[in-house]
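Only one structure is covered here, and it is reproduced in the block below.
The values are calculated or read from the model by the stated rules, or taken from the named source; none is laboratory data. No experiment lies behind these values; they were computed from the predicted model shown. We place every Cβ from the backbone using ideal geometry, glycine too, and count neighbours over all the protein chains shown. For accessibility, only protein heavy atoms count, side chains too; no ligands or nucleic acids. Shrake-Rupley method; radii C 1.70, N 1.55, O 1.52, S 1.80 Å.
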Amino acid sequence: MAAATASPLAVTTPPEPRRPRVLYFGAAFAAASSALVVISMLAVYLQRRAENLAGGETALPEDVVLPLTPGNMGALTLLMSAVTLAWAIYSLRNDDRPHAYMAIGLTLVFGAAFIVDTAYLYQQLLLSPTSDPMAGLLYAVTGAHLVMTVVAMLFVAVMGFQALGGQLTGRDAEGMSAAAIYWYVMIAAYGAVWYGVYITK
Amino acid sequence: MTVTEDASAAANAPAPATATSGHQAPAPAPGLAAILGSGDHKVIGRLWLVAAMVHLLLVGVVNALVAAERADTDSFEILGRDWIVQADTFRFIGVVFLVILPLTISIATAIVPLQVGASTVAFPRAASASAWTYLMGGGLLLGAYVIEGGPGGTDEDGVRLFVAAFVLVLLALTVAWICIMTTVMTLRAPGMGLARIPLFAWSALVAGGVWILTLPVLAGLSVLSYLDVRYEEALGGGPSAFYDHVSWAFGTPTVYALAIPVLGFVGSVLPVFARTRHHLHRIALGLIGAFAAFTIGSWTAPGFSAEAEGPAWLYEGLWVVVSIAAIVPVLGLVGLWALTARKGRVKLASPLIFGVAALLMLLAGLTAGALQAIEPIETLVDGEGSSLFGTSWSTGTFAYVALATIIALLGAIVYWSPKLLGAAFPEAGARLVALLALLGTVVASLPELVAGLLGEPAAATEVAADNQSTIETLNVVVAAGDGLLALAAVLFVMLLVKTATSDDDPGDDPWGGHTLEWATASPPPVGNFTEVPSVTSEAPLYDAHHRTEEASA
């Protein structure tokens, strides 16, 4: 094996054998951490809401209606993005680059659509974040999930560019699979938000 | 390099290649660029180490000041009423998030890749970024305290800065743990299955698992606190609510998570200084894992269960079970280590003294934590006694566990100093620090337990309703213990600086170590190993030493 002679500024010197799954595990740990931030905020939201309801008050200010349609559309959009991301990985593994690009592009479009959907929900709510403690919590929970969505989109976009550059094809689709782990966990976190915030209200 | 588990196979195996043979050391890095731009895990580990040591001295001073303040429980002449709450919370926030976790990450970042035979830590750029983020966050956190923005502080901008800096520190710690865990999971040498992971690397893995379940929750709650302060109590809590949101992290059983590396460290050094193989290595892995599992039980603590729905007996029962059960895996490990020591010939070198001291203090802390959960044991005050939870007994328990962890981490620096600093730590000085730290821990923690039993409240701002003069006398003893600990910390830092600037060659394997970090040069070159090591047992170097001895015999 070659001796270690590179500059100390280099990340690592000796060429090492292929180490699979590094990105998988890193993405899984990062996804779990990110999801826990959202879930912990959701737990506080649910606790405060239960306290309000137990005290005979409404969960949100009385004149505010939390619309169900944008929440459901958001869930549907993210579910479709899960299918397109799985399609992207399948295509990459089969060296089907045109379909892989299309699937990655569609996934990012669905991610953007989800952000637009949430922005539309905020517009419909007509609720200032500072007007009520529950309003602030609602924006904190959904906002934290939006941040997670943006991070997931960036991860998929970076891996998408690597695929465009020809680095992630054939059996070597680990980067995109790692991005997919983060994406799926983001969708699961939204599942908890969707049920806790929009469905049970 | 291939080393085998049984003697016959070992005899047939090729001799392990020495790590330095044929190795060309890289040219010294040019100045500051070596630190600022390095992705080398040893450099990143040293960066964490320097920051943690500075924070250790700072926390030691504040701790001693708070203890001295409590010698007269209602005058507040030293720190004043404005500062006492901040100083009191800094004792906990500073010890956990600015000292113990960074120190653990420092050693894990520098040593774990070597232990598992990896050329680097996973995601080295992320690891480097986490270290710099921690430095920035830690600096801002201290700055926020200075302008009275810490918990209980009066400056609103300072409070905002504090919470934002705290989130930054949590982010840095989470990313660092992700890098360490990924290293253990994916960058192990060929042949090193999960059952053959060295105990310290395993303890870093399971501790990382606990912390990436804990730190994001703290981050989420801190973000809510930030919004609360930023939007003028929009969430209903306000500036004073922050510490209430995060204080569960300093109580039992979450605080036990700090001590997971203690078990890994003792398990790593004991077989080396007993000069034998670790007895039932796989069982030890399981026991460390079991101990880690019990540390995720803060939701059973009285602070949470008081507000929880459901039958009170369930939560109280779980609290008792978790508090008592946490001690069982540690007792199991003590048994294994006693068997290991009995099989070998123990040499009482300084790392082992640190290890034994840390283990004794951890057992004391775990025992105190278990007693705290048992309801019939109450404070000894006139009239009706109350639970020990929320008294100085709780802070005494925290002190035992936190100081046990610090002792073990200082011992880890001594043990791995050839790899971490490139020179051997002075043995006599290390022994003196270990004994001072052990004595200081007992003197600083035991009176806190007694004061708690006499009804002293945990918060430094509150005054005991009964036994005040006895409690004040006990607090003088605590202050003396904190003084001893501060002395030990100063002495250790002086020896550390002396070691780091020493030109002495410690040799590649001065202790006769068992695991892969001792198969490379001291300090290890960039890339760590000249050839990818391959192992077939949990103690590859032990096997290699024995094979050499047999061949020469």
Checklist entry - Hey, does the range B:137-150 have a residue that's farther than 15 Å from B:H55 by Cα, within 14 Å of chain A (Cβ to nearest Cβ) and either in contact (Cβ under 8 Å) with a residue 24 or more places away in the chain or of a type in the set (S, T, Y) (or both)? => result no
Checklist entry - How many of the residues making up the range B:99-129 are assigned to a loop (DSSP other than H, G, I, E, B) and of a type in the set (A, V, I, L, M)? => result 4
Checklist entry - When the range B:196-232 is examined, which residues are found to be closer than 14 Å to B:A259 by Cα, within 13 Å of chain A (Cβ to nearest Cβ) and touching a Phe, Trp or Tyr at 6+ places or on another chain (Cβ under 7 Å)? => result B:G208, B:W211
Item to check | Unmet requirement for B:A423, which otherwise passes all of (1) in a helix (DSSP H, G or I); (2) open to solvent by less than 10 Å² (accessible area, probe 1.4 Å); (3) modelled with pLDDT of 90 or more | outcome: (1)
Checklist entry - Within the set of pairs 6+ apart or on separate chains, which have a first residue in the range B:275-294 that is farther than 18 Å from B:L258 by Cα, a second that is of a type in the set (V, I, T), and C-beta atoms under 7 Å apart? => result B:T276/B:T340; B:H278/B:T340; B:H279/B:T340
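Looking at the range B:156-195 only, could you name the residues that are in a loop (DSSP other than H, G, I, E, B) and within 21 Å of B:P261 (Cα to Cα)?
Of the range B:156-195, the ones in a loop (DSSP other than H, G, I, E, B) are B:187-193.
Of everything in the range B:156-195, those that are in a loop (DSSP other than H, G, I, E, B) and within 21 Å of B:P261 (Cα to Cα) turn out to be B:L187, B:R188, B:M192, B:G193.
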Next on the checklist: Looking at (1) in a loop (DSSP other than H, G, I, E, B); (2) crowded, with 17+ Cβ neighbours inside 10 Å, which one does B:V463 not meet, given that it meets all the others?
Outcome noted: (2)
Item to check | Count of the range B:376-390 residues which are modelled with pLDDT under 75 and over 14 Å from B:L454 (Cβ atoms) | outcome: 2
Next on the checklist: So for the range B:215-228 (the condition being open to solvent by 40 Å² or more (accessible area, probe 1.4 Å) and acidic (D, E)), does at least one residue qualify?
Outcome noted: no
Checklist outcome for this item: Picking from B:L348, B:L360, B:L331, the residue that is within 20 Å of the chain's Cα centre (by Cα), surrounded by fewer than 22 Cβ atoms within 10 Å (Cβ to Cβ) and closer than 19 Å to B:R431 by Cβ would be B:L360
Item to check | Conditions (1) within 29 Å of A:L42 (Cβ to Cβ); (2) among the aliphatic types (A, V, I, L, M); (3) more than 14 Å from every other protein chain (Cβ to nearest Cβ); number of the one not met by A:A173 | outcome: (1)
Next on the checklist: Can you tell me which of (1) free of Cβ contacts under 8 Å to residues at least 40 places away in the same chain; (2) open to solvent by 10 Å² or more (accessible area, probe 1.4 Å) is the one A:L126 doesn't meet?
Outcome noted: (1)
Checklist entry - Using beta carbons and a limit of 6 Å, which pairs, at least six apart or on different chains, have the first residue in the range A:22-36 and more than 7 Å from chain B (Cβ to nearest Cβ) and within 26 Å of A:V141 (Cβ to Cβ) and the second one modelled with pLDDT under 95 and open to solvent by less than 30 Å² (accessible area, probe 1.4 Å)? => result A:A27/A:A178
Item to check | Top-ranked residue of the range B:220-255 - restricted to ones that are more than 19 Å from A:R49 (Cβ to Cβ) and in a loop (DSSP other than H, G, I, E, B), ranked as modelled with the highest pLDDT | outcome: B:P253
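Determine, yes or no, whether B:V476 is touching a Ser or Thr at 6+ places or on another chain (Cβ under 9 Å), surrounded by fewer than 18 Cβ atoms within 10 Å (Cβ to Cβ) and more than 14 Å from every other protein chain (Cβ to nearest Cβ).
no
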Checklist entry - If you check every pair at least six apart or on different chains, which have Cβ atoms under 9 Å apart with a residue in the range B:472-501 that is in a helix (DSSP H, G or I) first and a residue that is open to solvent by 50 Å² or more (accessible area, probe 1.4 Å) and charged (D, E, K, R) second? => result B:E472/B:D72; B:N475/B:D72; B:A500/B:R46
Item to check | Qualifying residue in the range A:75-93 (condition: among the hydroxyl-bearing types (S, T, Y), touching a Phe, Trp or Tyr at 6+ places or on another chain (Cβ under 8 Å), buried (at least 20 other Cβ atoms within 10 Å of the Cβ) and within 18 Å of B:G209 (Cα to Cα)) | outcome: no
Checklist entry - When the range B:169-213 is examined, which residues are found to be open to solvent by less than 10 Å² (accessible area, probe 1.4 Å) and of a type in the set (D, E, K, R)? => result none
Next on the checklist: For the range A:37-57, check the following and say yes or no: at least one residue is closer than 19 Å to A:L154 by Cα, buried (at least 16 other Cβ atoms within 10 Å of the Cβ), within 14 Å of chain B (Cβ to nearest Cβ) and in contact with a His (Cβ under 8 Å, 6 or more places away or on another chain).
Outcome noted: yes
Item to check | Residues of the range B:496-553 that turn out to be within 14 Å of chain A (Cβ to nearest Cβ) and open to solvent by 40 Å² or more (accessible area, probe 1.4 Å), as a count | outcome: 3
